[in-house]
Amino acid sequence: MTKTTTPLPRPTGPGRGGGFRGALAFEWTKLWSVRATWWNLAVGLLLTVGFAAMVGASADASAKKGIDVTMPAPHHASQAFLISQLTVVVLATLALTGEYSSGSVRTTLQAVPARGRMLRSKTIVVTAVVAVAGCVFSVLGTLVAAPLMSGHGDYTGGELLGTALGAGVYLAALAVMSVGIGSLLRSAAGTITTLIMVLLALPQLMGVVGARWLETASDYMPSVAGTVLLTQDHDPYGGGAALAVVVVWSLVCYGAGSAVLRRRDA
Amino acid sequence: MITSERLTKRYGDKAAVSDLSFTVAPGKVTGFLGPNGAGKSTTMRMAVGLDTPTSGRVLVGGRRYGELRHPLRSVGALLDARACHPGRSAHRHLLGLARSNGIPASRVGEVLETVGLTEVAGKRVGSYSLGMGQRLGIAVALLGDPEVLLFDEPVNGLDPDGVRWVRELMRSLAGEGRTVLVSSHLMSEMQETADHLLVIGRGRILADAPMDEVIAGSSLTAARVRTPEPEALERELLRRGLRVDRDGGLEPGELVVVGATLREIGDLAFTHRIPVHELSMRRASLEQAYMELTADSVEFGSPALSPLLDTPTTTPKV
């Protein structure tokens, strides 16, 4: 290792760069410079495509036994998101909680002291990446599942596009929720556990109890709205209402995370 | 320039920093000293906006940290060497920071070169040794070529060569007219690096003075006089209100005088026609001066080991 004491060069140029654009570029660089991002996207892709293939093949098997399984392939294949949504949750959670577990949040906030700006730029970068991933995963899942359904999964271009967009929107909402809860709890384990509860466990439990109002409430859990977005079926409500549900969930989580981040010492 | 105005930070009932007012001037290295828990790190964290003061404020270059558009170009700070994701390379870590503050990407290579990490710049930071992590932290501080630099324990984990390198770096940064505030527990190192000292204990200022003044203020900075008429000289010195010590392992005819210059003692002896065979100054070390200053404010004190270790300067006579 060389030890130099070369004098520092002249001061860098005048007030260019930085600000919100600088913060976005910073978050982009950080997101892609850790392996977790690549791993989660790779695993998410494999899970989506793999499960899509499985449900596609099982639909064909059921059809041979005389069970009517006809359903557009994009809708059928999007059952895979039940599992692969968790990789998105992990990706977005780690983008935030990784800053706390490694201590890099202190460096980050020295570079971008405006905390709202820091959280906004991180959320935008993570959400954009996840939304694109959701669209791509959905289309690839359909393309794999459709041939395996042998004629029971005919679909239109509109259905393909609708499901792809729905996947993008739903996963983007999950990313915002993850960043918000991550900022609130500052721990990956706590955040991921909370989201698994909200996405998978709670909607089931709420149905099991048998109380009428709980069943109604469970309709407004984000994963139920997500299903509407992915399959465009109008049960229990339409696409617009589903969008509103995931947006409200995202805003509440983000608002809580943001409020705490602004107040707390880093 | 760093200006702290009645800075206070409380955690519940406990004040980590209370009513701290000071100015850190440019062009010199200011040593920031104090026992563990004295509030040094808290003060530095408030200076860069990580912690919010309960009351008062701290300004860097006349502004609050949060108001700076390109904070890294104004203030560089090494607060915690391990403030980087272990899976990220040093190069990417610095590149991201450069982008956040509109610093040219070419600067990343320059600071990596300055701290001697060029060859390992592509390696994951998690694989770095403590000393390499420390060098990366220094690279982050230097990235924006800032006017104000804060270093919390910069030589932690560095080898002797690295320690000397940090000392020279601090000196040269101050020599370029920058404001340099360095905290350290290594007194001998600080004695060689700092021009000015800011000593705090239990969140309050104990000393804010040039290094020489702090050392001169120590009771262990004293004149040693050897005379065939110690009683006569002692009488005259005491009459002047000076502190005189005749015990503590001194030879017969030896006196230790606190608070007077050699010239004053020499002149006094001459006036009273007392012969003097030896007259010399014994300068306290910074460590001794520091120990005296902070004696009452050590929060997590250690029990005294043995009287032998307490006063390293006076060699006991057998």
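Please compute the Cα-Cα pair-distance distribution of the range B:2-210 with 5 Å bins starting at 0, giving whole percents from short to long. Values per bin, smallest distances first: 1, 8, 16, 20, 20, 17, 11, 6, 1, 0. When you filter the GluC sites (Glu not before Pro) in the range B:168-251 for DSSP loop state and at most 10 other Cβ atoms inside 10 Å of their Cβ, nothing is left. Summary of packing: across the peptides A:177-187, A:142-152, the per-residue average of other C-beta atoms within 10 Å ranks them, highest first, as A:177-187, A:142-152. Placing unit charges on each Cβ (+1 for Lys and Arg, -1 for Asp and Glu) gives the protein assembly as shown a dipole about its Cα centre, and among B:Thr54, A:Ala23, B:Val17 the Cα reaching farthest toward its positive end belongs to A:Ala23. Measuring how big the range B:139-239 is from its alpha-carbon positions, Rg and Dmax come out at 19.4, 64 Å. What residues of the range A:178-201 lie in the reach of a label at A:Ala217, counting those whose backbone N is under 18 Å from a point 7 Å from the Cα along Cα→Cβ? The answer is A:194-201.
Provide the gained length on full extension for the span A:Arg35 to A:Gln204, in nm with one decimal, where the gain is 0.36 nm per separating residue minus the Cα-Cα distance.
Numbers: separation 169, 0.36 × 169 = 60.84 nm, distance 3.35 nm.
Extra length from A:Arg35 to A:Gln204 when fully extended: 57.5 nm.
Compute the projected area of the convex hull of the Cα atoms of chain A, averaged over all viewing directions, and report it in nm² to one decimal place. Computing the convex hull of the Cα atoms and averaging its projections yields 19.1 nm².
On a straight-distance basis, which aspartates and glutamates could pair with A:Lys30 in a cross-link, Cα separation under 20 angstrom, same-chain partners fewer than 8 positions away excluded? Counting by Cα, and skipping residues close in sequence, A:Lys30 has these aspartates and glutamates nearby: A:Glu99, B:Asp80.
Across the range A:91-249, Cα pairs under 8 Å and at least six residues apart give a relative contact order of 26 percent.
Which of the chymotrypsin sites (Phe, Trp or Tyr not before Pro) across the range A:174-239 are loop residues per DSSP, with 11 or fewer other Cβ within 10 Å? For chymotrypsin sites (Phe, Trp or Tyr not before Pro) across the range A:174-239 that sit outside H, G, I, E and B with at most 11 neighbouring Cβ atoms in 10 Å, the list is empty.
In Å², rounded to the nearest 100, what is the total accessible surface buried by chains B and A against each other with a 1.4 Å probe?
For chain B against chain A, roughly 4000 Å² becomes buried.
Rg over Rh for the range A:174-259 works out to 1.00, both radii taken from alpha-carbon positions and Rh defined as the Kirkwood radius.
Spatial offset of the range A:109-179 relative to the range B:127-199 amounts to 46 Å, using the alpha carbon center of each.
For chain A, modelled as a GNM whose springs connect Cα atoms under 10 angstrom apart, the maximal fluctuation among A:Arg117, A:Arg106, A:Arg16 occurs at A:Arg16.
Loop-located trypsin sites (Lys or Arg not before Pro) in the range B:241-282 (DSSP state not H, G, I, E or B) with no more than 14 neighbouring Cβ atoms inside 10 Å: B:Arg246, B:Arg273. Which distance in Å, rounded to a whole number, links the C-alpha centroids of the range A:34-98 and the range A:219-266? First find each Cα centre; the distance between them is then 20 Å. Quick one: pull the percentage of alpha-carbon pairs in the protein assembly as shown with a separation above 30 Å. Cα-Cα pairs in the protein assembly as shown separated by more than 30 Å: 63 percent.
Across the range B:219-296, Cα-Cα pairs more than 22 Å apart make up 22 percent of the total.
Which residue fluctuates most in the GNM of chain B (Cα springs below 10 Å): B:Leu242, B:Leu220, B:Leu59? Greatest mean-square fluctuation among the candidates belongs to B:Leu242. The residues of the range B:2-210 have, on average, 35 Å² of accessible surface per residue, using a 1.4 Å probe with all protein chains present. Search the structure for amide H atoms under 5 Å from the amide H of B:Arg243, placed 1.01 Å from N in the peptide plane, and list their residues when 5 or more places away or on another chain. Under 5 Å from the amide H of B:Arg243 lie the amide H atoms of B:Val258, each far enough along the sequence or on another chain. Using modelled backbone amide H atoms (1.01 Å from N, in-plane), which distant-in-sequence or interchain residues come within less than 5 Å of B:Ile205's amide H? Counting only residues 5 or more places away or on other chains, the set is empty. Its relative contact order, with pairs defined as Cα atoms under 8 Å and 6+ residues apart, puts chain B at 20 percent.
The values are calculated or read from the model by the stated rules, or taken from the named source; none is laboratory data. Since this is a predicted model, take the numbers as computed values, not measurements. We place every Cβ from the backbone using ideal geometry, glycine too, and count neighbours over all the protein chains shown. These area figures cover heavy atoms from the full protein model, side chains too; ligands, DNA and RNA do not enter into them. Shrake-Rupley method; radii C 1.70, N 1.55, O 1.52, S 1.80 Å.
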